[in-house]
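The values are calculated or read from the model by the stated rules, or taken from the named source; none is laboratory data. Given the structure is predicted, the values throughout are model-derived calculations rather than measurements. Using ideal geometry, Cβ is built from the backbone for each residue, glycine included, and neighbour counts are taken over all protein chains shown.
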Amino acid sequence: MDCKKAERFLLRSLDGGLDHENRAMLQAHLENCPSCRKKDSEYRKILSLVRPQTVPEPLPYFKERLLAKLKEKDRTAPALFWVKWAHRAVALSLAAFLLFGAAILFFRPQEPREVSQTERFLLQDENPLGEAASILDQKKAEDRNMMLIFASVGDRDLSRRYRP
Amino acid sequence: MDEKELIRRSQAGDGEAFGVLVERYKGKVFSLAYGFTRDRVAADDLAQEVFIKAYVSLSKFQAKSEFGTWLYRVAVNHIKDYLRKNKRRMKEIPLEEAGDRVLASSDLGPEEQHLREGEREIVQAALARLPEKYRVILTLRDIDGLSYEDISGILKLSPGTVDSRLHRARRKLREKLTGRLIRQGGEHGL
């Protein structure tokens, strides 16, 4: 038996949980091992010291004091109940207010954004480059200029654009 | 009166019936609290708080375990909270100084008793420095003398875990005390 196993047996023997055979093995080891013998006496000494020599009685009128406290608790319990619920109500209202505020911030309706002319063309399935090309293709400078003016004005209605 | 009947009546709000239960268990609960605090007043306060807690949560007791085991569980949990809250205060006396007060005193009676008291104080100081789980199991087993089965029920641990944790706790306590009691205890020391 090695010292590690002996310590395990030794600790078990403190609770009387060691069978006859193992106790004999431990005893044989202790006879030949001064270090484990020392450990054995240390554990036994600690065990005897860890228990208080005497345990005093509770202070006088233990039960009477306790029952008086319980009576007081029962008497104040309804008031405490309402106080508890009042606290909860305040906390819940605050939480609801915060949630409402957060919901407004997150879900507020957004202003429709002004779309650029190019985007508008794309949305209307028109090709902005096509229009630019058609303007530049104009042979007459006057027509080209007029078309450019109308295009820059940004008239949304394409039918109202100048077309020569 | 039968304990089950007392519990049933207490659950219905009968203070007198609960008073009988208090009379039956006050010694055990107080002794458990004293094992942790070594202070009569603090142990008394703790025991009162444990019974108040038990009375308030008595409706949750469903007789799946013994009333005593359930009450011990309430007590251990309450005392653990107390120890956590008072951790700093409980460690006020350094281990190196523990025992000096008693050992240095000259008017406490026979010398042997002096040494013994000093040693007890040292062991108590070392115990207070152990991690909570070791302190609890050592108190339940080595101070209160509860069986493995009872400890297993109170702490909701398997008997194997109780066994290994208890042995580890004893090893840790011995490690903390090695060297300390030799100096203080002389030939009676470790």
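Couple of notes before you dig in:
- B:D14 meets each of the listed conditions (1) within 18 Å of the chain's Cα centre (by Cα); (2) surrounded by fewer than 17 Cβ atoms within 10 Å (Cβ to Cβ); (3) within 14 Å of chain A (Cβ to nearest Cβ); (4) modelled with pLDDT under 90 apart from (1).
- Failed criterion for B:K64 (all others in (1) surrounded by 15 or more Cβ atoms within 10 Å (Cβ to Cβ); (2) of a type in the set (K, R); (3) more than 28 Å from B:R120 (Cα to Cα) hold): (1)
- For region B:27-44, taking the residues that are facing another protein chain (nearest Cβ under 9 Å) and more than 18 Å from B:D150 (Cα to Cα), the one that is farthest from the chain's Cα centre (by Cα) is identified as B:V41.
- A:E114 falls short of the stated requirement of being acidic (D, E) and either at pLDDT 80 or above or within 30 Å of B:Q113 (Cα to Cα) (or both).
- All conditions but one from (1) at pLDDT 90 or above; (2) closer than 30 Å to B:R180 by Cα; (3) away from chain A (no Cβ under 14 Å) apply to B:E97; the one that does not is (1).
- Number of the condition not met by A:V115 [criteria: (1) among the hydrophobic types (A, V, I, L, M, F, W, C); (2) part of a helix (DSSP H, G or I); (3) more than 30 Å from B:A47 (Cα to Cα)]: (2)
- In region A:1-80, counting only helices (runs of 4 or more DSSP H) that sit wholly within it, the ones holding 3 or more residues that are within 8 Å of chain B (Cβ to nearest Cβ) span A:3-14, A:34-50.
- Of residues in region B:29-56 being in a helix (DSSP H, G or I) and touching a residue at least 60 places away in the same chain (Cβ under 8 Å), the one surrounded by the most Cβ atoms within 10 Å (Cβ to Cβ): B:L32
- Highlighted here are the helices (runs of 4 or more DSSP H) found entirely within region B:115-179 that include at least 2 residues which are within 21 Å of A:D15 (Cβ to Cβ), in contact with a Leu (Cβ under 8 Å, 6 or more places away or on another chain) and within 9 Å of chain A (Cβ to nearest Cβ): B:159-177.
- Enumeration of residues in region A:5-24 that are over 21 Å from B:L173 (Cα atoms) and buried (at least 16 other Cβ atoms within 10 Å of the Cβ): A:L18, A:N22
- Flag if B:S59 is within 11 Å of chain A (Cβ to nearest Cβ) and in contact (Cβ under 8 Å) with a residue 12 or more places away in the chain: no
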